[in-house]
1. What do you get for the angle between helix 113-123 and the principal long axis of the chain? Use alpha-carbon atoms, 0 to 90 degrees, nearest ten.
2. How high is the relative contact order of the chain, in percent, with contacts defined as C-alpha pairs under 8 Å that are six or more residues apart?
3. Could you please report the charge total around Arg23, scoring K, R as +1 and D, E as -1 over all other residues with beta-carbon less than 10 angstrom from its beta-carbon?
4. Under 10 Å, Cα contacts only: if you run a Gaussian network model on the chain, which one of Arg97, Arg16, Arg30 comes out with the highest mean-square fluctuation?
5. Would you work out if segment 1-142 is rounded, prolate or oblate? Take a ≥ b ≥ c from the square roots of the eigenvalues of the alpha-carbon gyration tensor; rounded if a/c is under 1.5, else prolate when a/b is larger than b/c, oblate otherwise.
6. Can you work out the Karplus-derived ³J(HN,Hα) for every residue in segment 23-33? Use 6.51 cos²θ - 1.76 cosθ + 1.60 with θ = phi - 60°, whole Hz, and x for glycine or proline.
7. Ranked highest first by average number of other Cβ atoms within 10 Å, how do 51-61, 100-110 line up?
8. Percent of Cα-Cα pairs per 5 Å bin, from 0 to the last occupied bin, for segment 74-164, please list those.
Amino acid sequence: MELYLIRHGIAEERRRDIKDEERSLTKEGRQKTEKVAQRLKKLGLHFDLIATSPLVRARQTAEILIAAGLSSKLEECTYLAPDGRIESWVVDWLEARNYSPQTQLALVGHEPDLSAWAEILLWGQAKATLVLKKAGMIGVKLPEKGSPLGRSQMYLLTPPKYLL
């Protein structure tokens, strides 16, 4: 199974008058994310499902990916909200769905969580060494059998500038 961890695009700055979960993509963030999505489509990428954090900026990013034709299926996943635990996601969401080994799944979320998730998938623990830029992507191949934690392989780590 191929797992694509995608960070949301550039969002509004944190402010006291707006809740963090309601921060939207900026105009620049939307435009850049649209260009990244179009490039991914031209490269022939397609996701069987895009799962997104329930926060507005992640959902908007996921909707841009859908609009670009990268998937026809979008689902909200609370595990992708900030501070979501990958161990819970693996057991309660991933294993429960029994995906085929050919599945390509995109997860749209936040930093530092997505980088930590990738590190746990690769090395079994978060080491704070990977950095995922806004609208960037990490590609991880999960093993066909057994837990993916500490047993997966990274095949892609790209900031958006390499896709534009």
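1. The two axes meet at around 20 degrees.
2. Taking the mean separation of contacting Cα pairs over the length of the chain, I get 30 percent.
3. -1
4. Fluctuation is largest for Arg16.
5. Because a/c hits 1.5 or more and a/b fails to exceed b/c, segment 1-142 counts as oblate.
6. For segment 23-33, the Karplus curve yields 5, 9, 5, 7, 4, 4, x, 5, 4, 5, 5 Hz.
7. Most protected by this proxy first, the peptides run 51-61, 100-110.
8. P(r) over segment 74-164, rounded to whole percents: 3, 13, 24, 29, 20, 9, 2, 0.
Throughout, read-outs are computed from the coordinates displayed, never taken from laboratory work. Everything numeric here is computed off the predicted structure, so don't read it as measured data. All Cβ positions, even for glycine, are placed from backbone atoms using ideal geometry, and neighbour counts span all protein chains on display.
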